[in-house]
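Here the structure is laid out as structure tokens; the discussion comes afterwards.
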Amino acid sequence: MASDYLLELHGIEAGYGRAALVLRGLTVRVPAGTIVCLVGPNGAGKSTVLKVASGLLAPRAGRILVDSTDVTGQRPQQMLASGLAHVLQGHSVFREMTVAENVLLGGYTLRDKAVVAERVAFVQELFPVVGERWKSLAGLLSGGQQKQVEFARSLMVRPKVVLLDEPSMGLDPKTTSTVFEQVVRMRDAGTAVLLVEQNARRALETADIGCVLDLGTVHMSGPAAELLADPLLSELYLGGRPAERPISPER
Amino acid sequence: MTGGLETVELTKSFGGVTAIDAATVAFQPGKVNALIGPNGSGKTTFFNCVTGMIRPDSGRVRYRDHDITGRAPHRIARAGIGRSFQLCRVFPRMTVLDNLLVAVRAGGLRSSRNRAEMERARGWLTRVGIDHLEHAEARNLSWGQQKLLELAGVLMADPETILLDEPAGGVNPALIDRIGALVRELNAEGRTFLIVEHNMDMVMSLCDHVVVFDRGRPIAQGPPAAVKSDPRVLEAYLGV
């Protein structure tokens with residue numbers, strides 16, 4: 001039976017090497033047409049969720065479904081073919097290559113030139129700066145412009161869900177606003193987004209659904225606006241003073 | 001007050017791009033100073049010139065009334081200036097404790113393994129709040145924990161002036177509060193700070209003096225409240 005979710009992570013357990021588990025039975029779902037954001041303290045496992053979803057880290061337990069198809073254990077290239085594109089933390093453009101070359105690399109697996117041309121037109125319309133700087137070396141673009149090149153590259157294969165890891169990291173306030181506007185444009189253009197962001201308040205203002213992670217599991221989830229209005233959440237994770245007691249799992 | 005960190009007509013270009021454009025700036029000794037500005041405005045290049053990581057094309061860097069222009073990074077560190085990096089530079093396969101001990105290993109690997117240095121390292125780990133991770137390999141730390149480890153490493157050299165490049169970048173709000181509180185404590189103990197940061201809540205609540213860069217030179221400076229309402233800053237940086 002078809003699911004309402006484009007991406008489902010069920011009971012995921014994952015970790016690095018012989019170290020303790022980072023994710024401990026985590027469940028996250030991404031419905032179509034939404035931005036789901038993961039917020040929580042450093043070390044909670046947010047980036048690890050994205051690595052598991054994109055196949056960079058194999059889960060030790062749990063299942064991953066993309067549009068109701070079980071893709072658990074698939075390699076990154078298979079995850080990409082299944083419809084998951086991962087935009088990494090920090091800058092990942094090839095600085096010595098042009099914007100065009102960077103974006104076209106995202107469509108490397110596409111064989112039909114007409115499809116490539118259609119996708120190029122699509123990303124250039126969605127991110128105007130990509131078209132304007134098409135022949136420029138990517139390394140000459142500002143941080144925010146480079147981030148939009150990364151977004152455009154990720155959309156070349158028409159992913160069902162884009163996994164965004166800290167898109168605002170290292171960006172100035174003005175550029176951060178632009179980048180979050182572009183995340184909304186991606187959603188409105190038909191791509192669901194799973195967003196990891198330390199700028200928790202800004203992320204929740206942008207997202208439709210929020211999930212609060214702590215110690216490798218989801219402690220709270222719900223409409224982002226409701227989480228944003230929660231005084232305890234605000235105190236713990238959105239810039240207030242850390243409280244003495246942990247957030248209640250029952251909430 | 002004079003005798004702090006200052007630059008005179010500092011200039012640095014990369015090819016045809018002028019990253020620092022004849023910047024003359026004086027930071028306030030004994031205070032928490034901020035250097036803010038849009039991406040690409042030259043802040044990190046400025047840090048690199050001041051700390052000897054790159055050599056400026058022209059102009060001078062002065063510290064405590066001495067010309068330190070073009071000195072090697074280790075000599076600038078010995079002069080009392082420590083720095084962190086935008087992207088954490090820890091040794092990933094070394095333990096947290098060993099990451100701190102390398103900061104004092106000028107006399108060889110064994111020299112720092114004396115009890116006093118180890119206790120000093122443990123003291124800084126406790127101070128930044130990651131003493132429970134002493135035996136963990138640095139690569140297994142979260143991003144925020146690596147930021148704290150890097151700060152502890154800077155403090156091992158006992159610098160009088162500390163340059164922090166985006167200490168809140170990629171760090172969750174609760175940890176930002178902790179870093180801010182630590183900066184306040186260290187400042188109260190007499191250390192001067194110069195912080196590059198995009199988190200305006202942190203800058204406005206923590207800093208005494210703010211310098212705003214745009215296109216490689218200062219366009220405004222003063223107390224946080226005055227800088228925040230400066231039309232040039234609103235236009236170039238805050239975008240409101």
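The values are calculated or read from the model by the stated rules, or taken from the named source; none is laboratory data. Just so it is clear, the structure is predicted and the values come from calculations on it, not from any experiment. Backbone-built Cβ (ideal geometry, glycine too); neighbour counts: all protein chains shown.
Things worth noting here:
- The residues listed here are A:Leu194, A:Leu213, A:Leu164; of these, the one that is among the hydrophobic types (A, V, I, L, M, F, W, C) and touching a helix residue (DSSP H, G or I) at 6+ places or on another chain (Cβ under 6 Å) is A:Leu213.
- Residues of the stretch B:132-149 satisfying the condition of being free of Cβ contacts under 8 Å to residues at least 24 places away in the same chain and either at the interface with chain A (Cβ under 8 Å from one of its Cβ atoms) or not in a helix (DSSP H, G or I) (or both): B:Asn140, B:Ser142, B:Gln145
- Residue check for A:Val93: assigned to a helix (DSSP H, G or I) and surrounded by 16 or more Cβ atoms within 10 Å (Cβ to Cβ): no
- Number of positions in the stretch A:57-90 that are in a loop (DSSP other than H, G, I, E, B) and within 15 Å of the chain's Cα centre (by Cα): 4
- Selected residue [in contact (Cβ under 8 Å) with a residue 40 or more places away in the chain and surrounded by fewer than 18 Cβ atoms within 10 Å (Cβ to Cβ)] from A:Gly139, A:Gly107: A:Gly139
- Exactly one residue out of B:Ala103, B:Ala19 is crowded, with 19+ Cβ neighbours inside 10 Å, within 14 Å of another protein chain (Cβ to nearest Cβ), modelled with pLDDT under 95 and not in a loop (DSSP other than H, G, I, E, B): that is B:Ala19.
- Qualifying residue in the stretch B:215-232 (condition: under 17 Å from the mean Cα position of the chain (by Cα) and crowded, with 21+ Cβ neighbours inside 10 Å): no
- Selection of strands (runs of 3 or more DSSP E) fully inside the stretch A:116-226 by the criterion of at least 3 residues being within 14 Å of chain B (Cβ to nearest Cβ) returns A:209-214.
- Residue in the stretch B:150-163 that is among the charged types (D, E, K, R), modelled with pLDDT of 90 or more, surrounded by fewer than 21 Cβ atoms within 10 Å (Cβ to Cβ) and in contact with a strand residue (DSSP E or B) (Cβ under 9 Å, 6 or more places away or on another chain) present: yes
- Qualifying position, being within 14 Å of chain A (Cβ to nearest Cβ) and not hydroxyl-bearing (Ser, Thr, Tyr), among B:Gly59, B:Gly37, B:Gly70, B:Gly30: B:Gly37
- Any hit, the stretch B:24-46, residues being aliphatic (A, V, I, L, M), over 30 Å from A:Thr175 (Cα atoms) and either in contact with a Phe, Trp or Tyr (Cβ under 7 Å, 6 or more places away or on another chain) or at pLDDT 95 or above (or both): no
- Verdict on A:Phe122 being in the same structural domain as A:His91 (by TED's automatic domain parsing) and over 29 Å from B:Ala19 (Cβ atoms): yes
- Some residue of the stretch B:46-56 being in contact (Cβ under 8 Å) with a residue 60 or more places away in the chain and either assigned to a loop (DSSP other than H, G, I, E, B) or more than 21 Å from B:His198 (Cα to Cα) (or both): yes
- The stretch B:193-218, subset under 16 Å from B:Lys31 (Cα atoms) and free of Cβ contacts under 8 Å to residues at least 60 places away in the same chain, residue farthest from the other protein chains (Cβ to nearest Cβ): B:Met204
- Of the strands (runs of 3 or more DSSP E) lying entirely inside the stretch A:1-56, those carrying at least 2 residues that are more than 22 Å from A:Phe180 (Cα to Cα) and away from chain B (no Cβ under 13 Å) are A:5-15, A:21-31.
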